[in-house]
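See structure below.
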Amino acid sequence: MINGFTGLVHRLLGVPVDRSRRALHIAGVAVAAASFTLIATVLVAYDNIFLDGSSLAGLRLGDTASADIRAPVTIPYYISQVLTEQQRAEVSASVSPVFNRPDPAISRRQSDLASQILTYIENLRQDSYATTEQKRDDVAQISDLTLDDAVSERLLTADAATWGDIREQITTVLERVMRGEIREGQVDSVKAQLPLQVSVQFSEEEVGVIVAVIEDLIRPNTLLNQQATEEARQAAIADISVRRSFERGQLVVRAGERIDEAAYEALGQLGLLQPNDRRFQEIARAALASILVLIIMGLYVARFRSSLFKSSRFMALLAGIFLIILLGARITGLYGQIYLYPTAALALLYVALVGPEIAVVGTLGMAALISIMQVNSLEMALLVGAGGMMASLTLRRPERLNGYFMPGLLVAVTNVAVIAIFFQGSSLVGEDAAFAELVLYSLINGILSGAVALGGMFVVTTLFNLPTGLKLVELSQPSQPLLQRVLREAPGTYQHSLQVANLAEQAANAIGLNADLVRVAAMYHDIGKVENAAFFTENQPEGVNPHDALNDPYRSADIIISHVTDGEKMARQYRLPARIRDFILEHHGTQVLYFYDQAVARAGDDEVVDVEQFTYPGPKPQSRETAVLMLADSCEAAVRSRKPTKKQEIADTIQQIIDSKIRTGQLDESGLTLNDIRVIRRVFGDMLQAVFHPRISYPVNTPKSLKEVTPEPGRLLPRVDQATLPEGYKTVTNAEASASAETITAELQRGHLQTREIAPVVVADAEENDDAPLPEVPRLPRTGETRTARLTSENGTQPPKGDAPEEQ
């Protein structure tokens, strides 16, 4: 569609195609960025945009609700300052005051005072000059006593013996009572118990006199410790914090109820008291946060993974996944439990698609937006951020289904830790149950994160045909129809692709690339050769080259070059991912074929030969991965064709190939560094030396009566007695041997025959059975058949069914 639009603009307005494409790309990026910002803003500020709370903005403390007020959103466990203060006041009042130990100085002071008073009364009793009325007046002057006239009269008129007993009893009882603990609020109770402290020898009247004197002298001897009491109260209320939570639709205030401080606070937390102008501020805040997240993520990608911007479709996919996860968080916050929502699935998906570094920055952006969405909750920010970071850093093998189990478990543990940090114990009944509930939600969250990521990977792989880990595992199976076609129609190319895949995979691993992607791409990079398999060296019999019969460098070049374009068409036909198609197009870059030299030699002048007809269409490798495949492909082919016999020859060949690619500029746009090339050269050398090392020529055991001779054309071998041959050997004629060799070679090239299936034969004299048909040649016994035959011959019985063949 883009190509058609740019072509239309070029035809109508004359604008160059490249310029139109660039302008269209910039416009598309701008539209995508604006769309992302708009959608993210709507999701974050959904409450302020779609939920009308203007009718409640005028409510004041003490007003009566005219209708039921319900929570428009879900708020998980905010701390109510009003209820917290109320409970702290109740708990503080219930703390018992702390008193000092009884003060003996007070007891002694009161005893001394009692002695002085009694001595004074004794003096009054001895005064013979004062009248009784004067003596009563003098007793009334004692400031520490409040005695009525009857008591005073009894104290002054009692006989000496009675007075002595009363005086002694007052002193004794007062000292005994004051030795006990008497607090400020206990004085009345102590006074009420005084009659029980007086000896039973006294009459009721005398007891009343004794009690009247003592009760005026009782004082508290155990004082309140203000500092200790305050410390005890502070310790009791230190851990008290009342948490409240509201689910969407939950009743907050019933119609007709008075709005008290707690209800008013809840309405404020739910955002129902915000005036209209405040709502617009909240919307602007959400838009600013969305723009900031977009800019930071964009700058991060531009700085560290700028290659992602080349694919607008892929960037749109990443943005779409982000917005889908954010939409789920909004829906869960409105209608469900946010602690159950698996936001860490975003990190797992990003790791599987682009790598952990993008997953980390995406997680941070998601944490920021969800925290704003959840009423500026620092707990939700840390819950989303820590869980996503843990998922990003622990997912190592996204192509394996069991690779998501451990990250999911670690996400669950991280969520529990975050909840434990923010959910400190409260003295309210049921807090332990609430904490256990959140822990359960966190564990389920981790499991759901892995499951959702796996499901998302399947959907993304299916809908967008991306080379994810799961897709690469699928494409690497030998049973894939396209690989099977290459194996049947171009077996040499198939074996070449396997060797290149091994080389490229090891090199990619060594320099930190996506080895799985490189290996799978290498298996498909030459699929275009099946269209003309015989024109490629690896599929040709020894000494047979169709290009010699063609004798046309232009036609030969066209056939060789076409395997790139044909391969790209086949890749589209079989729906291979676009990233794999890049390898097919770029693995030869813009190299010039050797047929160009033939054409120049025939023409005698290079000016008359168009070099473009002998150049691969390219482009040059645009990534380190495709450059590794180019080098592996060229090095494997060159070493195989030269058949080196020494390690140094292999090393020289590899060095020549790499130098040639560098010299012709094929690696200029790939991003490979000199250190990468050094590592690649070392890996290629080690592996190719192991593959193409010289083989040991093992001797062939033949019967003693059989001479080791090599048949030559027109020369017959001596007669061979069939009885002298070992089991499995047959005699055939010279002509039959030649025909059989050609048949076996053809079958080997087609992949229909394995080398181990070829039975040994011995060429016999042509004069004997020359016209007889070729007898059936027995195949060599396979693994396990030797063991079966041995068991049969030794025991005379067949082995039991189900026995696995023995590994040799």
Worksheet item: Say the cut-off is 23 Å between C-alpha atoms; which of Lys310/Lys620; Lys135/Lys191; Lys569/Lys643; Lys529/Lys569; Lys471/Lys569 go over it?
Response: Lys135/Lys191; Lys569/Lys643
Worksheet item: Where only protein heavy atoms count, and the probe is 1.4 Å, what is the accessible area per residue for the range 125-175 in Å²?
Response: 58
Item to complete: May I ask you to compute the full-extension gain from Lys310 to Ala23, defined as 0.36 nm times their residue separation minus their alpha-carbon distance, rounded to one decimal in nm?
Response: 101.9 nm
Discussion item. Under 5 Å between amide hydrogens, which residues at least 5 positions from Phe99 or on another chain qualify, with H placed 1.01 Å from N in the peptide plane?
Written reply: Asn225
Discussion item. With a cut-off of 8 Å between alpha carbons and a minimum separation of six or more residues, what is the relative contact order of the range 496-641 in percent?
Written reply: 28
Item to complete: Report ³J(HN,Hα) in whole Hz for each residue of the range 403-410, in order, from the Karplus equation J = 6.51 cos²θ - 1.76 cosθ + 1.60 where θ = phi - 60°; Gly and Pro get x.
Response: x, 8, 5, 5, x, x, 5, 5
Fill in: Rounded percent of accessible protein surface that carbon and sulfur make up, the range 426-513, 1.4 Å probe
64
Discussion item. Using only the Cα atoms of the range 57-145, what are the Rg and Dmax in Å?
Written reply: 32.9, 95
Item to complete: Just the number, please: carbon plus sulfur as a percent of the accessible area of the range 280-412, 1.4 Å probe, no ligands or DNA/RNA counted.
Response: 73
Practice prompt. Counting residues in the range 557-676 as N, plug N into 2.2 N^0.38 Å and put the Cα Rg over that result.
Written response: 1.16
Worksheet item: Between Arg183 and Asn123, what FRET efficiency comes out of the Förster formula 1/(1 + (r/R0)^6) with R0 = 56 Å and r the beta carbon distance, rounded to 0.05?
Response: 0.95
Discussion item. Let me test this: with uniform point scatterers at the alpha carbons of the range 123-277, what is the Debye-based log₁₀ I(q)/I(0) at q = 0.10, 0.21 1/Å?
Written reply: -0.59, -1.31
Worksheet item: Where the centre of each part is set by its Cα atoms, how far does the range 503-523 sit from the range 304-367, in angstrom?
Response: 27
Worksheet item: Distance in nm between label sites at Leu393 and Ile324, each 7 Å beyond Cα in the beta-carbon direction?
Response: 2.8
Fill in: Mean Cβ count within 10 Å, highest first, over the residues of peptides 184-194, 319-329, 590-600
319-329, 590-600, 184-194
Worksheet item: If packing is taken as the mean number of other Cβ atoms within 10 Å per residue, what is the order of 254-262, 34-42, highest first?
Response: 34-42, 254-262
Worksheet item: Taking only protein heavy atoms and a 1.4 Å probe, what accessible area per residue, in Å², does the range 465-513 have with all protein chains in place?
Response: 38
Worksheet item: If you stretched the chain out fully between Glu257 and Ile421, how much longer would it get, using 0.36 nm times the residue separation minus the C-alpha to C-alpha distance?
Response: 55.4 nm
Worksheet, complete the sentence: Sorted by chain and then number, the residues having a modelled amide H within less than 5 Å of the amide H of Val252, at least 5 places away or on another chain, are Ile69, Arg70, Ala71
Worksheet item: Taking the simple approach of a point 7 Å from Cα along Cα-to-Cβ for both Val82 and Leu463, what is their distance in nm?
Response: 4.6
Worksheet entry | Inter-label distance for Leu224 and Ala30, nm, one decimal - labels placed 7 Å from Cα along Cα-to-Cβ | 7.6
Worksheet item: Each residue of the range 154-168 in turn: what ³J(HN,Hα) in whole Hz from Karplus with 6.51, -1.76, 1.60 and θ = phi - 60°, glycine and Pro shown as x?
Response: 5, 5, 7, 9, 5, 5, 4, 5, 5, 4, x, 5, 4, 4, 5
Worksheet item: What are the ³J(HN,Hα) values, in whole Hz, obtained from phi via the Karplus relation 6.51 cos²θ - 1.76 cosθ + 1.60 with θ = phi - 60°, for each residue of the range 641-654 in sequence order, with x given for Gly and Pro?
Response: 6, 7, 6, x, 10, 10, 5, 5, 5, 5, 4, 5, 4, 4
Worksheet item: Where the centre of each part is set by its Cα atoms, how far does the range 160-236 sit from the range 589-643, in angstrom?
Response: 118
Worksheet item: How much length is gained on full extension from Val95 to Ser641, taking 0.36 nm per residue of separation minus their Cα-Cα distance?
Response: 187.0 nm
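The values are calculated or read from the model by the stated rules, or taken from the named source; none is laboratory data. These figures come from a predicted structure and were not determined experimentally. Neighbour counts are summed over all protein chains in view; Cβ atoms, including those assigned to glycine, are modelled from backbone coordinates with ideal geometry. Remember, those area values only see protein heavy atoms, side chains included, never the ligands or the DNA or RNA. Shrake-Rupley method; radii C 1.70, N 1.55, O 1.52, S 1.80 Å.
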